[in-house]
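The values are calculated or read from the model by the stated rules, or taken from the named source; none is laboratory data. Here the structure is a predicted model, which is why all the values come from computation and not from measurement. We place every Cβ from the backbone using ideal geometry, glycine too, and count neighbours over all the protein chains shown. With ligands, DNA and RNA removed, areas are computed over all heavy atoms of the protein, side chains included. Shrake-Rupley method; radii C 1.70, N 1.55, O 1.52, S 1.80 Å.
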Amino acid sequence: ASSTSAAEERPGRDAASVRKAADVLLAAGSSKARTSMEMAAGGTRVTIRGEGVYDFGRRMGRLRLVLPKDPTGADEHRPLTELLAPDTLYMKNRGAGVPDDKWVRVDSTALDDGNLVTGGATDPLTAAELLRSATDVTFVAEQDLAGTRVWHYRGVADIARAARTASPFARGALTAAAKGFAKEAVPFDAYLDEAGRLRKVRHRFSYVNQGSTVAVASTTLLYAFGQPVTLALPPEGDIYDGEIGP
């Protein structure tokens, strides 16, 4: 093949590669991750930012989340540490009444949103699994993202369809989410590099909370692929099983 046709065959330049993003991440092994979740309800807008690592092969990640200041201007919350695992979310520094050295364990499949929103960050691999259901995918632009050439695509994911087509580890949480969101259609922007690796994805969810619709924009940035990641789940003795305050 000529160099021109070889270039055109680069995975990131093909809109179909959006639906294969999760498979490419599994092959990449691991990455560092940055997350941002913006929530808007009424006139209030808050943003939760996270940073950490993800092991795609083990479907596990660790994020350190910085919560916004209270509307009253009170002191910032302590950072929240999260461990993401299949169907389970572990949180440290979560809620009043939880000892500093204990983790709170949450069953993602029991949450109305499948933990796409509740934890303050969308699991990076689950975010890619959502793209398996992508439709109306259009090419937006070839651009630079933090020094990397990427291809920007826009489209719509469908939570219910994603739940049927996702890898087994994500199905339970996505099935729960399909029932809990105001709209199953999730507009997205996805940015793929030449190798077809997902470098950035932004999903826009609609979520019902106490009768009102909350707009949530969840953004995930992935970089430093393939570096060794050491992750371990908390031992059973470190799991808190008492009452949790607000």
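Of everything in the range 136-192, what is among the aliphatic types (A, V, I, L, M), over 21 Å from residue 61 (Cβ atoms) and out of contact with any helix residue (DSSP H, G or I) (no Cβ under 6 Å at 6 or more places or on another chain)? Give them in sequence order.
Result: 140, 141, 150, 156, 182, 185.
Please state which of the following conditions residue 63 fails to meet, knowing it meets all the rest: (1) within 16 Å of the chain's Cα centre (by Cα); (2) at pLDDT below 95; (3) buried (at least 20 other Cβ atoms within 10 Å of the Cβ).
Checking residue 63 against (1) within 16 Å of the chain's Cα centre (by Cα); (2) at pLDDT below 95; (3) buried (at least 20 other Cβ atoms within 10 Å of the Cβ), the one that fails is (2).
Quick test for you: out of 148, 138, pick the one residue that is open to solvent by 10 Å² or more (accessible area, probe 1.4 Å), among the polar types (S, T, N, Q) and farther than 18 Å from residue 223 by Cβ.
Within the list 148, 138, the selection yields 138.
Just to verify a result, which residue in the range 1-24, among those that are at pLDDT below 55 and not β-branched (Val, Ile, Thr), is least open to solvent (accessible area, probe 1.4 Å)?
7
Return a yes/no flag: does the range 168-185 have any residue that is open to solvent by 10 Å² or more (accessible area, probe 1.4 Å) and hydroxyl-bearing (Ser, Thr, Tyr).
Yes, the range 168-185 contains a residue that is open to solvent by 10 Å² or more (accessible area, probe 1.4 Å) and hydroxyl-bearing (Ser, Thr, Tyr).
Considering only the range 191-243, how many residues are without any contact (Cβ under 8 Å) to a residue 24 or more places away in the chain and among the small types (Gly, Ala, Ser)?
Residues in the range 191-243 being without any contact (Cβ under 8 Å) to a residue 24 or more places away in the chain and among the small types (Gly, Ala, Ser): 3 in total.
Considering the range 75-113 alone, what residues qualify as being on the phi > 0 side of the Ramachandran plot and open to solvent by less than 50 Å² (accessible area, probe 1.4 Å)?
95
Return the pairs, sorted by first residue and then second, in which the second residue is modelled with pLDDT under 90 and hydroxyl-bearing (Ser, Thr, Tyr), the first residue lies in the range 114-125 and is open to solvent by less than 10 Å² (accessible area, probe 1.4 Å), the beta carbons are less than 7 Å apart, and the residues are 6+ apart or on different chains.
As it stands, the answer is 117/207, since those pairs meet every condition given.
With the condition being more than 15 Å from the chain's Cα centre (by Cα) and over 19 Å from residue 17 (Cβ atoms), I'd like the strands (runs of 3 or more DSSP E) fully within the range 138-218 carrying at least 2 qualifying residues.
198-209
Does residue 145 satisfy the condition of being touching a Lys or Arg at 6+ places or on another chain (Cβ under 8 Å) and farther than 23 Å from residue 39 by Cβ?
yes
All but one of (1) free of Cβ contacts under 8 Å to residues at least 60 places away in the same chain; (2) of a type outside the set (Ser, Thr, Tyr); (3) within 17 Å of residue 115 (Cβ to Cβ) hold for residue 59; state the number of the condition that does not hold.
Looking at each condition in turn, residue 59 falls short on (1).
Among the residues of the range 110-132, write down those that are within 14 Å of residue 159 (Cα to Cα) and either among the aromatic types (Phe, Trp, Tyr) or in a helix (DSSP H, G or I) (or both).
Scanning the range 110-132 gives 126, 127, 128, 129, 130, 131, 132.
Out of the range 219-239, which residues are over 14 Å from the mean Cα position of the chain (by Cα) and among the aliphatic types (A, V, I, L, M)?
Scanning the range 219-239 gives 224, 229, 231, 232, 233, 239.
Mind counting the residues in the range 39-57 that are at pLDDT below 95 and either among the basic types (Lys, Arg) or in contact with a Lys or Arg (Cβ under 8 Å, 6 or more places away or on another chain) (or both)?
Qualifying residue count for the region: 2.
Collect the residues in the range 151-190 that are of a type in the set (D, E, K, R) and in contact (Cβ under 8 Å) with a residue 60 or more places away in the chain, keeping them in residue-number order.
The one that is of a type in the set (D, E, K, R) and in contact (Cβ under 8 Å) with a residue 60 or more places away in the chain: 179.
Going by what's in this entry, would residue 133 be described as more than 26 Å from residue 65 (Cβ to Cβ) and open to solvent by less than 60 Å² (accessible area, probe 1.4 Å)?
Answer is yes for this residue.
Just the residues that are surrounded by fewer than 21 Cβ atoms within 10 Å (Cβ to Cβ) and among the small types (Gly, Ala, Ser), please, taken from the range 186-225.
Matches in the range 186-225: 195, 206, 211, 212, 215, 217, 224.
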